[in-house]
Amino acid sequence: MTDVSASAPAASQQTGGAFYKLVWKWHFLASLYVLPFMAMLAITGGIYLYKPQIEEWLYADRLNVAVGEGRTSYEAQVAAVEDRVGLSRLRGVQIDGADDRATVIEFNDLDGTRSYAWVDPYTSNILAVQARDDMAMRVVRKFHGELLLGDVGTKFVELAAHWAIVMFITGVFLWWPRGNRTWSKALSPPGAGGLKSRRWWRDTHLFTGFLAALLVVPIIVSGLPWTDVWGGGLSAVQDRTGTNSRSLRFSGDVPNSTASEGTRILYEEVFAIAESQGLVAPYELRPPRNAQAAFWVRSASADRFEQSELIVDQYTGEVLKRHDFADNHPVARTVSLGISFHQGELYGWLNLAQNTLAAVLAMVLSISGFVAWWMRRPAGSLGVPDAPDRALGWGLVLLIIGLAILFPLMGVSLVVAVFLDWLIFRHLGWFRARRTAA
């Protein structure tokens, strides 16, 4: 949230001192890495917020059906998919609960590719078949989380999230009114000057940075449970402390059916049981894995408080176990609600609008920071801000150690950066301000 340019503004030098310039250099170096990722995450995250609306537009012909007089059985619909493309594994059956919506069959085809089939429930006609990873919004999500590079890509994205927090902390410090910079000026939108004015771009960066800090940081933090290193560490702590989510789908203590043979109840009966138990549509059903196992069915409602799960005996229809969202530990509920907030689902249209504004601000912040830096940097140089070459105070050292512990991937990257700076960068003059003769 400050002008990433070659030297600090005069007012800042007069009021900020050596520590101000040191923080400013950290902000600049963090921004060099973070801003390209922030722009990408803002675009892909902003798009993914509207996944239901976009998929309704893209796939209207497969999601919607004409209401008929009678519905075919779900078993017949699964058989139609098997006849059409072949099944090596039936993963599940999803229904919307509305009369004019298609049944979605999730399965592995004969090549093992995880796929979806959309079936007209009145005729069993196959409306479309598509590999899950080829779905447009699935591609957007994978790009958002891993740059389509798998485990390697997700580490880069997570590292950007960690350093983004450092960028915002240092940015707020730099934005904070001091000296001749009053609160009125700090909270004022950019004034005259236009797109050709470096000052206008700098003021735009300052103003949007302050707003983005309020709206983007909570989104970054709420997305950390999805990450490999930080999220994996959180999961390990939750497992050890018994504060993790107790989803019946992945739990090891799910009861089996009371018998090991007999006539399996119909999928329609399982959905009816879910409705009778008060579960809210849409529903997702997973069939038993073998003759001893049971059905798993849940409410796939976007409202986390409505996401209940049932284990249903495949022969008798008895509900063997139930798990409601409220049964989770408070820590698990907090993590889950944070993810719901991250996806713009927690409190309806207001959450969606808030996250959309955050995505726009993050994009403007990235562009304005880059343009302000580009217009100010000396030719042939990165324009790294000048900072005093002196030992860090104990307070700052403890802050850095604390951040490195809290965000271990950032800590590792910082150690690597310091080592490379000592070994290579300082000899090449990289990431250093240009010194002028006295």
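Among the helices of the chain, those built from whole DSSP H runs whose Cα atoms reach 27 Å or more along their own axis and whose mean Kyte-Doolittle hydropathy is at least -0.5 are 10-48, 150-175, 198-223, 348-376. Taking Cα centre as origin and charging only the Cβ of basic (Lys, Arg, +1) and acidic (Asp, Glu, -1) residues, the dipole magnitude of the chain rounds to 3200 debye. Of all aspartates and glutamates in the structure, the ones whose alpha carbon falls short of 17 Å from that of Lys25, not counting any fewer than 8 places away in one chain, are Asp3, Asp386, Asp389, Asp421. Note on Asp133: accessible area approximately 80 square angstrom, rounded to 10, probe 1.4 Å, nucleic acids and ligands left out.
Share of region 29-109's accessible area from carbon and sulfur, percent, 1.4 Å? Don't jump to the answer; show the numbers that get you there.
Details: 2170 of 3940 Å².
C and S atoms contribute 55 percent here.
For Ala76, neighbours were defined as the other residues whose beta-carbon sits under 14 Å from its Cβ, and their charges (Lys and Arg +1, Asp and Glu -1) total -3.
From the residues His27, Gly97, Thr44, which one has its Cα farthest along the dipole of region 23-110 in the positive direction, the dipole being from +1 and -1 charges on Cβ of Lys/Arg and Asp/Glu about the Cα centre? Going by the charge dipole, the pick is His27. Taking Phe305, Phe295, Phe325 as the candidate residues, the one with maximal mean-square fluctuation in a Gaussian network model of the chain, Cα springs under 10 Å, is Phe305. Of the options (i) 52, 23, 19; (ii) 44, 26, 23; (iii) 41, 27, 20, only one is semi-axes √(5λ) of the Cα gyration tensor in Å as computed from these coordinates, and that is (i). FRET efficiency for the pair Thr334 and Glu69, taken as 1/(1 + (r/R0)^6) with r the Cβ-Cβ distance and R0 = 60 Å, rounds to 0.80. Note on the chain: with a GNM built from Cα contacts shorter than 10 Å, the maximum mean-square fluctuation among His329, His144, His162 falls on His329.
Of the solvent-accessible surface of region 174-292, computed with a 1.4 Å probe over protein heavy atoms with every protein chain present, carbon and sulfur atoms account for 55 percent. Quick one: if you stick a label point 7 Å off each Cα along the C-beta vector at Val415 and Ala136, how many nm between them? Once both label points are built, they end up 4.5 nm from each other. Net charge in the neighbourhood of Ser276 (other residues with Cβ under 13 Å of its Cβ; Lys, Arg +1, Asp, Glu -1) is -3. Radius of gyration (Cα atoms) of region 244-359, expressed as a multiple of 2.2 N^0.38 Å: 1.22.
Provide the net charge surrounding Pro189, with neighbours chosen by a C-beta distance below 14 Å and charges set as Lys +1, Arg +1, Asp -1, Glu -1.
Surrounding charge for Pro189 is +2.
For the chain, the solvent-accessible area works out to 51 Å² per residue, with a probe of 1.4 Å and every protein chain left in place.
Note on the chain: dipole from Cβ charges, positive end direction compared against Ala164, Met137, Pro177; the farthest Cα belongs to Pro177. For the chain, the 222 nm mean residue ellipticity estimated from helices alone, with every DSSP H stretch of n ≥ 4 adding -39500 (n - 2.57) and the total spread over all residues, rounds to -16500 deg cm²/dmol.
Once the Cα-Cα distance is subtracted from the 0.36 nm per residue extended length, the Glu261 to Ser188 segment shows a gain of 19.0 nm. Go through Lys51/Lys185; Lys21/Lys185; Lys155/Lys321; Lys142/Lys196; Lys142/Lys185 and tell me which ones have a Cα-Cα distance over 31 Å in this structure. Cα-Cα > 31 Å for Lys51/Lys185; Lys155/Lys321; Lys142/Lys196; Lys142/Lys185; rest within. Ligands, DNA and RNA excluded, the heavy atoms of Lys25 present near 40 Å² of accessible surface to a 1.4 Å solvent probe. For the chain, a Gaussian network of Cα nodes joined below 10 Å ranks Pro190, Pro282, Pro52 by mean-square fluctuation, and the top entry is Pro52. Positive end of the dipole of the chain (Cβ unit charges, origin at the Cα centre): among Leu214, Phe295, Ser308, the Cα lying farthest that way belongs to Leu214.
The values are calculated or read from the model by the stated rules, or taken from the named source; none is laboratory data. In this text the structure is predicted, and so the values were computed from the model without any measurement. All Cβ positions, even for glycine, are placed from backbone atoms using ideal geometry, and neighbour counts span all protein chains on display. Note: accessible area is taken over every heavy atom of the protein model, side chains too, but ligands, DNA and RNA are not part of it. Shrake-Rupley method; radii C 1.70, N 1.55, O 1.52, S 1.80 Å.
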